[in-house]
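The values are calculated or read from the model by the stated rules, or taken from the named source; none is laboratory data. Everything numeric here is computed off the predicted structure, so don't read it as measured data. With ideal geometry, Cβ positions are generated from the backbone for all residues, glycine too; neighbour counts draw on all protein chains shown. These area figures cover heavy atoms from the full protein model, side chains too; ligands, DNA and RNA do not enter into them. Shrake-Rupley method; radii C 1.70, N 1.55, O 1.52, S 1.80 Å.
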Amino acid sequence: MLDTLGEAASKLRGELGESLATVKRFDVPLAQATTPSLEALKAYSLGIKALNEKGPAAALPYHQHAIDLDPNFAMGYWAVGLDYFDLSELGRASEYYTKAFQLREHASEREKLSIAADYYQSVTGELNKAAQTYQDEIESYPRSVAAYVGLGLVYAAQGEYEKDVEVAKQGLRLAPDSVELFFGLFSGDLTLQRYDEARTVISEMQARKMNDEGIHVGLYMLAILGKDSTSMAEQQQWFAGKSDYENWVLALASDTEAYDGHLAKARELTKRAVDSAIRADSKETGAKWKAIAAQREAAYGNAKEARQKAAEALKLAPAGQGVESEAALALAMVGDTARAESLAQDLAKRSPLDTQMQLLWLPAIQAQLALDRKNRSAALNTLQVASAIELGNISSALNVSCLYHVYIRGEAYLEAGQGRSAAAEFQKILDHGSIVWNCWTGALANLGVARANALQTRTSQGADADAARVRALAAYKGFLTLWKDADPDIPILKEAKAEYAKLQ
């Protein structure tokens, strides 16, 4: 029946005037383009329906069943990969995207483009190739909603947020009820600090009675950026018990507490986030939350806790690229150079073509290792490549990006005695709060600005030194006000208080 339908469609396309060349190019028998198994096709279709209505966790069993019924079902493997990607299980997603790519000859021309684009984006990390493939898909199939969504994600990963917004608007003109495109538009506006426009997008989604989860994710993001504790609590309550999102919300709540210096509360929330992720069969996600907590401990001066959490993260998900990246940076921050170097070498070997790995993650880890060896110039030279996609969205991050490379560059300038340049880097983090959100780098950037101006006080003379001292005092006061209720035993807080007292 499927073969007959495919032949009839090919004949009709010719009769309607499509050229013989394009008919031949895009003509794949329907059974081969999808699957010769009606049962597999039915399971796949039910999975797509479940994904749209209930989310990836509900879709996954159907898509798994589809590839059980037809082990050569390329789009079935692609769908499983998409489900895991949406569940932030990037390691598992990569496995299934790779299998789909290997089986793509069993797919139609359109499906080949979808499979290849996601493979380049999520497996090899080749962002330029991914963008080009999505563009090719849009050119050949201008009503392909998924291609607009994917292209927007690639633009965000490259830090091209204006393009991200524009492609979402283009897609919405063709598919005005697409939740994914609405959320892409919202995220782009939010990152560009167009908060009124972002709220308007959420209001439009509410008016159209779109998927509740997407709306509440947006409301939570707005609450975080607006530091609206009441709204944050409301959204946390709404997500309680929802396995797809609960661990993400708890991890963000942990970051919020840590941002304000409430480290004990942050640790408890991280534990709950990890437990929630494991219950949802997302060990890689739970491990990522542990690795991020390890960085936080390192940055706040708790080296022993940082090493312990990094080790626990790697044990929980040893093959997770995002986990390995976060843990490697944490270990480098506490001077565990041997382990950090080993992880960095493994990451470089596993991801030789990955744009963000080569331009952001590895330079940040290597620069921190150079600082461990007191080689400031090497650290600064290593970080030069990061400027190409400096503000790019990190797919494994809780927020858009913590801008680790910017923070480490600021630290390198401090150690090199270049206060003005250091201040500019830390200020860059503060100016991009819509990217950093509640990451520890955002909190400590306030202290970084203070230390950079204090350094200028010592290296300048006359009016310049006096002005730098005024700026330093204001920045120290700002940081200590932010952490007015912070846990008193945090090492970096004790250092900041001592430095402020000495400067007064």
- prompt: If you go through segment 452-466 one residue at a time, do you hit one that is outside any helix (DSSP H, G or I) and open to solvent by less than 20 Å² (accessible area, probe 1.4 Å)?
  reply: no
message: Just to be sure I understand the filter: pairs with C-beta atoms under 6 Å, separated by 6 or more residues or on different chains, first member in segment 121-144 and among the basic types (Lys, Arg), second member assigned to a helix (DSSP H, G or I). Which pairs pass?
response: Lys129/Tyr120; Arg143/Leu174
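Residues of segment 403-447 being part of a loop (DSSP other than H, G, I, E, B) and closer than 19 Å to Gln295 by Cβ, which ones?
Filtering segment 403-447 for residues part of a loop (DSSP other than H, G, I, E, B) gives 403, 416-418, 432, 437-439.
Once the filter is applied, which keeps residues that are part of a loop (DSSP other than H, G, I, E, B) and closer than 19 Å to Gln295 by Cβ, segment 403-447 yields Leu403, His432, Trp437, Asn438, Cys439.
Here is a yes/no grid of residues against (1) part of a helix (DSSP H, G or I); (2) open to solvent by 20 Å² or more (accessible area, probe 1.4 Å):
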{"residue": "Asn247", "(1), (2)": "yes, no"}
{"residue": "Ala253", "(1), (2)": "yes, no"}
{"residue": "Gly261", "(1), (2)": "no, no"}
{"residue": "Ala264", "(1), (2)": "yes, yes"}
{"residue": "Arg267", "(1), (2)": "yes, yes"}
{"residue": "Arg272", "(1), (2)": "yes, yes"}
- request: Give the residues of segment 107-120 that are touching a residue at least 40 places away in the same chain (Cβ under 8 Å) and either more than 26 Å from Ser37 (Cβ to Cβ) or assigned to a helix (DSSP H, G or I) (or both), sorted by residue number.
  value: Glu109, Arg110, Glu111, Ile115, Asp118
message: If Pro142 meets every condition in (1) surrounded by 21 or more Cβ atoms within 10 Å (Cβ to Cβ); (2) modelled with pLDDT under 95; (3) not hydrophobic (A, V, I, L, M, F, W, C) apart from one, which number is that one?
response: (1)
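Quick check on Gly214: is it under 25 Å from Leu82 (Cα atoms), free of Cβ contacts under 8 Å to residues at least 60 places away in the same chain and open to solvent by less than 70 Å² (accessible area, probe 1.4 Å)?
Details: under 25 Å from Leu82 (Cα atoms): yes; free of Cβ contacts under 8 Å to residues at least 60 places away in the same chain: yes; open to solvent by less than 70 Å² (accessible area, probe 1.4 Å): yes.
Considered against the rule, which asks whether it is under 25 Å from Leu82 (Cα atoms), free of Cβ contacts under 8 Å to residues at least 60 places away in the same chain and open to solvent by less than 70 Å² (accessible area, probe 1.4 Å), Gly214 comes out as yes.
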field: Unique residue being open to solvent by 20 Å² or more (accessible area, probe 1.4 Å), assigned to a loop (DSSP other than H, G, I, E, B), of a type outside the set (Asp, Glu) and under 28 Å from Ala291 (Cβ atoms) when the list is Ser243, Ser187
entry: Ser243
query: Does Asp68 count as of a type in the set (Asp, Glu), assigned to a helix (DSSP H, G or I) and open to solvent by less than 40 Å² (accessible area, probe 1.4 Å)?
result: no
- line: Over segment 46-65, the set of residues at negative phi and open to solvent by less than 60 Å² (accessible area, probe 1.4 Å) is Gly47, Ile48, Ala50, Leu51, Pro56, Ala57, Ala58, Ala59, Leu60, His63, Gln64
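Keeping to segment 348-361, report how many residues are in a helix (DSSP H, G or I) and either at positive phi or touching an Asp or Glu at 6+ places or on another chain (Cβ under 9 Å) (or both).
As a first pass, look at segment 348-361 and keep what is in a helix (DSSP H, G or I): 348-350, 355-361.
Within this subset, residues satisfying the condition of being either at positive phi or touching an Asp or Glu at 6+ places or on another chain (Cβ under 9 Å) (or both) are 350, 355, 359-361.
Count: 5.
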- prompt: Could we say that Glu411 is of a type in the set (Asp, Glu) and modelled with pLDDT under 95 here?
  reply: no
message: Which condition from (1) open to solvent by 30 Å² or more (accessible area, probe 1.4 Å); (2) at negative phi is the one that Lys227 breaks?
response: (2)
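In segment 467-493, which residue that is within 20 Å of Ala264 (Cα to Cα) and without any contact (Cβ under 8 Å) to a residue 24 or more places away in the chain is least open to solvent (accessible area, probe 1.4 Å)? Before the answer, list the steps.
Step one: of segment 467-493, the residues within 20 Å of Ala264 (Cα to Cα) are 479-493.
Retained after the next criterion (residues that are without any contact (Cβ under 8 Å) to a residue 24 or more places away in the chain): 480-481, 484, 488-489.
Details: Leu480: 33, Thr481: 74, Lys484: 145, Pro488: 99, Asp489: 103 Å².
Result: Leu480.
Within segment 295-347, take every residue that is in a helix (DSSP H, G or I), among the aliphatic types (A, V, I, L, M) and open to solvent by 40 Å² or more (accessible area, probe 1.4 Å) and give me the one that is nearest to Lys494 (Cα to Cα). Step through it out loud before you land on a result.
Quick first cut of segment 295-347, residues in a helix (DSSP H, G or I) only: 295-300, 303-316, 321-333, 337-347.
Going one step further and asking which of them are among the aliphatic types (A, V, I, L, M), we end up with 298-299, 303, 306, 310-311, 313-314, 316, 323, 327-333, 338, 340, 343-344, 347.
After this cut, where a residue has to be open to solvent by 40 Å² or more (accessible area, probe 1.4 Å) as well, the list is 311, 316, 333, 338.
Working: Ala311: 27, Leu316: 33, Met333: 19, Ala338: 29 Å.
The selected residue is Met333.
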